[in-house]
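Below you'll find the structure, written out as structure tokens, and then a few comments.
The values are calculated or read from the model by the stated rules, or taken from the named source; none is laboratory data. What you are looking at is a predicted structure, and each value in this text was computed from that prediction instead of being measured. FYI the Cβ positions are ideal-geometry reconstructions off the backbone, even for glycines, and counts take in every protein chain you see. To get the accessible areas, we keep the full protein, side chains included, count just its heavy atoms, and leave off ligands, DNA and RNA. Shrake-Rupley method; radii C 1.70, N 1.55, O 1.52, S 1.80 Å.
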Amino acid sequence: DLEVAKEEAEEANRAKSAFLANMSHELRTPLNAIIGYSEMLAEEAEDIGQKAFVADLQKILGAAKHLLALINSVLDLSKVEAGKMDLMIESFHASEMLQDIVGMVKPLVEKNANRLALDVAPDLGTLRTDATRLRQVVFNLISNACKFSQNGTVSIRARRETANGQDWAVFAVTDTGIGISPEQMGRLFQAFSQADASTTRKYGGTGLGLAISRKFCQLMGG
């Protein structure tokens with residue numbers, strides 16, 4: 001009976017993940033249209049001197065992009081849980097990837113008057129894994145660090161380490177932000193979970209970033 005109940009629960013979980021993946025895909029199509037038309041209308045309003053419309057159109061565009069990011073997160077989580085996330089393995093220079101990320105996160109760093117420190121080992125060299133997923137993981141960690149820090153420092157450290165006869169690339173992101181309690185640490189990788197309600201109200205977010213990052217790392221063998 002326990003085995004049957006376990007199989008039924010796993011099947012229900014797979015069905016839920018498949019449903020979320022399909023729904024997320026269907027929602028992205030109209031959202032991309034909203035984003036496209038908002039950008040186009042904002043440019044036209046700027047060109048014809050209708051400045052009053054530009055701010056409102058930018059708000060529509062910002063809201064649509066935010067919603068698309070949430071949907072993409074749900075889609076990623078659903079794909080991993082449903083076993084449908086395929087990795088694109090390639091070779092790339094780790095330091096170049098980190099420099100790209102630094103360029104991407106610059107607005108996030110500056111938003112809360114933080115400083116970004118990059119410490120990359122000279123022998124980090126070439127990695128062979130899914131560059132897109134790894135970039136997403138590191139970006140998620142830096143985004144969190146920037147969000148919960150103000151007038152502080154966000155540091156990225158990258159090293160090569162050997163453990164159990166295997167060669168690893170280790171990325172560490174640290175910050176001087178608000179910190180987290182041991183009790184909250186226990187919920188750190190639960191999907192849709194954040195430290196507490198007050199944190200969610202003040203800082204926003206869905207509580208998906210770390211859950212997805214962990215699953216991506218496990219999927220890549222880390």
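Brief remarks follow.
- No other residue among ALA5, ALA64 is over 30 Å from VAL170 (Cα atoms), among the aliphatic types (A, V, I, L, M) and within 18 Å of the chain's Cα centre (by Cα) apart from ALA64.
- For ARG14, the conditions (1) without any contact (Cβ under 8 Å) to a residue 24 or more places away in the chain; (2) open to solvent by 90 Å² or more (accessible area, probe 1.4 Å) are fulfilled apart from (1).
- Condition broken by ILE89, with the remaining ones in (1) modelled with pLDDT under 85; (2) under 19 Å from LYS215 (Cα atoms) satisfied: (1)
- Verdict on ALA45 being in contact (Cβ under 8 Å) with a residue 12 or more places away in the chain and assigned to a helix (DSSP H, G or I): yes
- Of all residue pairs spaced 6 or more apart or on separate chains, those with beta-carbon atoms under 7 Å, a first member in segment 152-173 that is more than 15 Å from CYS217 (Cβ to Cβ) and a second member that is assigned to a loop (DSSP other than H, G, I, E, B) and among the hydrophobic types (A, V, I, L, M, F, W, C) are ARG159/ALA121; ARG160/ALA121; ARG160/LEU124.
- Enumeration of residues in segment 64-82 that are open to solvent by 60 Å² or more (accessible area, probe 1.4 Å) and without any contact (Cβ under 8 Å) to a residue 24 or more places away in the chain: HIS66
- Tabulated pairs, segment 89-106, first free of Cβ contacts under 8 Å to residues at least 60 places away in the same chain and closer than 14 Å to THR132 by Cβ, second open to solvent by less than 40 Å² (accessible area, probe 1.4 Å) and polar (S, T, N, Q), C-beta under 7 angstrom, 6+ apart or interchain: ILE89/THR129
- Looking across segment 167-179, just one residue is within 19 Å of the chain's Cα centre (by Cα) and either polar (S, T, N, Q) or more than 19 Å from VAL138 (Cα to Cα) (or both), and that is THR174.
- Residue that is assigned to a loop (DSSP other than H, G, I, E, B), at pLDDT 90 or above and surrounded by 12 or more Cβ atoms within 10 Å (Cβ to Cβ), where the choices are SER149, SER95: SER149
- Residue in segment 51-59 that is polar (S, T, N, Q), open to solvent by 60 Å² or more (accessible area, probe 1.4 Å) and over 25 Å from ASN144 (Cα atoms) present: no
- Qualifying residues in segment 168-196 (those that are modelled with pLDDT under 90 and among the charged types (D, E, K, R)) - the one surrounded by the fewest Cβ atoms within 10 Å (Cβ to Cβ): GLU183
- Conditions (1) under 23 Å from ASP76 (Cα atoms); (2) open to solvent by 70 Å² or more (accessible area, probe 1.4 Å): number failed by ALA9: (2)
- Filter result for LEU31 (open to solvent by less than 80 Å² (accessible area, probe 1.4 Å), more than 25 Å from LYS84 (Cβ to Cβ), in a helix (DSSP H, G or I) and not hydroxyl-bearing (Ser, Thr, Tyr)): no
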